[in-house]
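Take a look at the structure below.
Values in this text are rule-based calculations from the coordinates and carry no lab data. Since this is a predicted model, take the numbers as computed values, not measurements. In this analysis, Cβ positions are derived from the backbone assuming ideal geometry, glycine residues included, and neighbour counts consider all displayed protein chains.
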């Protein structure tokens, strides 16, 4: 295992946070749309989403850093980091699809695909670092809930 590097950890965390921030910026905002549509039962208040996502992006960065710093030079580490980048890209697109373009069916499909990708990422992370997988379990749980919300919005609107 490579020694701890605060700089590398911060790079992973900040890059994940910036991905979320750029996606939010390009989505055109959420508050007007969120309050103007019919939401499924258990929908949280709109103010909660940015807080939850900030924490989850930080955890994504921590998990990716833990995989990155592992000395495994084999395909497990490369696969895990590849899945991380792919899911981060799909995550980036979801807000834009939902909020900017209001394509609720496509957003629901994207949310389900994202949850599947993150599950695969966690399985892959676990092969390299159990801790990396564990810190991303809240992300997977949130995505399952977000997929439920996305499908609900699509069906209700």
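Suppose the filter is part of a helix (DSSP H, G or I) and within 19 Å of residue 13 (Cβ to Cβ); does residue 83 pass it? Judged against the criteria, residue 83 is a match. For the stretch 129-138, the criterion of being assigned to a helix (DSSP H, G or I), free of Cβ contacts under 8 Å to residues at least 60 places away in the same chain and surrounded by 16 or more Cβ atoms within 10 Å (Cβ to Cβ) is met by no residue. State yes or no: is residue 54 under 11 Å from the mean Cα position of the chain (by Cα) and either assigned to a helix (DSSP H, G or I) or over 20 Å from residue 16 (Cβ atoms) (or both)? Considered against the rule, which asks whether it is under 11 Å from the mean Cα position of the chain (by Cα) and either assigned to a helix (DSSP H, G or I) or over 20 Å from residue 16 (Cβ atoms) (or both), residue 54 comes out as yes.
Looking at 76, 72, 8, just one residue is assigned to a loop (DSSP other than H, G, I, E, B), in contact with a helix residue (DSSP H, G or I) (Cβ under 7 Å, 6 or more places away or on another chain) and over 25 Å from residue 145 (Cβ atoms), and that residue is 72. Just one residue in the set 98, 49, 125 is touching a residue at least 60 places away in the same chain (Cβ under 8 Å), within 16 Å of residue 143 (Cα to Cα), touching a helix residue (DSSP H, G or I) at 6+ places or on another chain (Cβ under 9 Å) and assigned to a helix (DSSP H, G or I); that residue is 98. The set of residues from the stretch 19-39 being out of contact with any helix residue (DSSP H, G or I) (no Cβ under 8 Å at 6 or more places or on another chain) and loosely packed, with under 13 Cβ neighbours inside 10 Å comprises 25, 31, 32, 35, 36. The residue that is surrounded by the fewest Cβ atoms within 10 Å (Cβ to Cβ), among those in the stretch 78-101 that are more than 18 Å from residue 121 (Cα to Cα) and over 14 Å from the mean Cα position of the chain (by Cα), is 101.
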